[in-house]
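Chemist: Would you mind keeping the following structure in view while I ask a few things?
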Amino acid sequence: MFTTPAISPKQVAESLDEFWSPRVLGEFDDSYIKVAKVKGVLAWHNHEFEDELFYVLKGQFKIEMHDKTVVLNPGEMYIVPKGVMHNPIAEDECLIMLIEKKSTKHTGDVVTEKTRALDEQLRPI
């Protein structure tokens, strides 16, 4: 049986020094568990074939969609369904955890200065 050490997603996210640069904490079947420190606006984008789960560890996080805006506080989560255009926003510094399929591109088909390739997300913490 393979085991991994216990890890605190919140502590790892707090240690990050870049905004909007997710880091992979582990793998769960065909998905990655990631954390990020975020502030400001990411970019309008979608993930055509993948759902995306956001879980707030600290702060407040908004997800704008064309028909609504979801506001998340610590301990709350929201799943953006595949294909839905969304724009993640944190007015103040916020720590989040994400669960995404391994095939999920950071900002979908949209590329900005904040877009991070998978190899960047897989860097040692």
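Chemist: In region 45-59, which residues are farther than 21 Å from residue 28 by Cβ and surrounded by 16 or more Cβ atoms within 10 Å (Cβ to Cβ)?
Modeler: If the condition is that a residue be farther than 21 Å from residue 28 by Cβ and surrounded by 16 or more Cβ atoms within 10 Å (Cβ to Cβ), then 45, 46, 58, 59 are the ones that fit.
Chemist: Determine whether residue 43 is aliphatic (A, V, I, L, M), modelled with pLDDT of 95 or more and over 18 Å from residue 119 (Cα atoms).
Modeler: Answer is yes for this residue.
Chemist: Do you know which residues across region 1-35 are in a strand (DSSP E or B) and either farther than 13 Å from residue 100 by Cβ or small (Gly, Ala, Ser) (or both)?
Modeler: 19, 26, 31
Chemist: Looking at (1) part of a strand (DSSP E or B); (2) surrounded by 15 or more Cβ atoms within 10 Å (Cβ to Cβ); (3) more than 14 Å from the chain's Cα centre (by Cα), which one does residue 38 not meet, given that it meets all the others?
Modeler: (3)
Chemist: Here is a further query. Take residue 63 and tell me if it is over 26 Å from residue 125 (Cα atoms) and touching a Pro at 6+ places or on another chain (Cβ under 9 Å).
Modeler: When the stated conditions are applied, residue 63 passes them.
Chemist: Within region 67-94, how many residues are out of contact with any His (no Cβ under 6 Å at 6 or more places or on another chain) and assigned to a strand (DSSP E or B)?
Modeler: Total meeting the criteria: 16.
Chemist: Just the residues that are among the basic types (Lys, Arg), farther than 23 Å from residue 65 by Cβ and buried (at least 17 other Cβ atoms within 10 Å of the Cβ), please, taken from region 1-35.
Modeler: Scanning region 1-35 gives a single hit, 23.
Chemist: Over 11 Å from the mean Cα position of the chain (by Cα) and aromatic (Phe, Trp, Tyr): does that describe residue 54?
Modeler: no
Chemist: Select from region 95-110 the residues that are under 11 Å from the mean Cα position of the chain (by Cα) and part of a strand (DSSP E or B) and write down the one among them that is farthest from residue 11 (Cα to Cα).
Modeler: Among those that are under 11 Å from the mean Cα position of the chain (by Cα) and part of a strand (DSSP E or B), it is 100.
The values are calculated or read from the model by the stated rules, or taken from the named source; none is laboratory data. Since the structure is predicted, the reported quantities are computational estimates derived from the model, not experimental observations. Ideal geometry is used to build each Cβ from the backbone, glycine not excepted, and the neighbour counts take in all protein chains shown.
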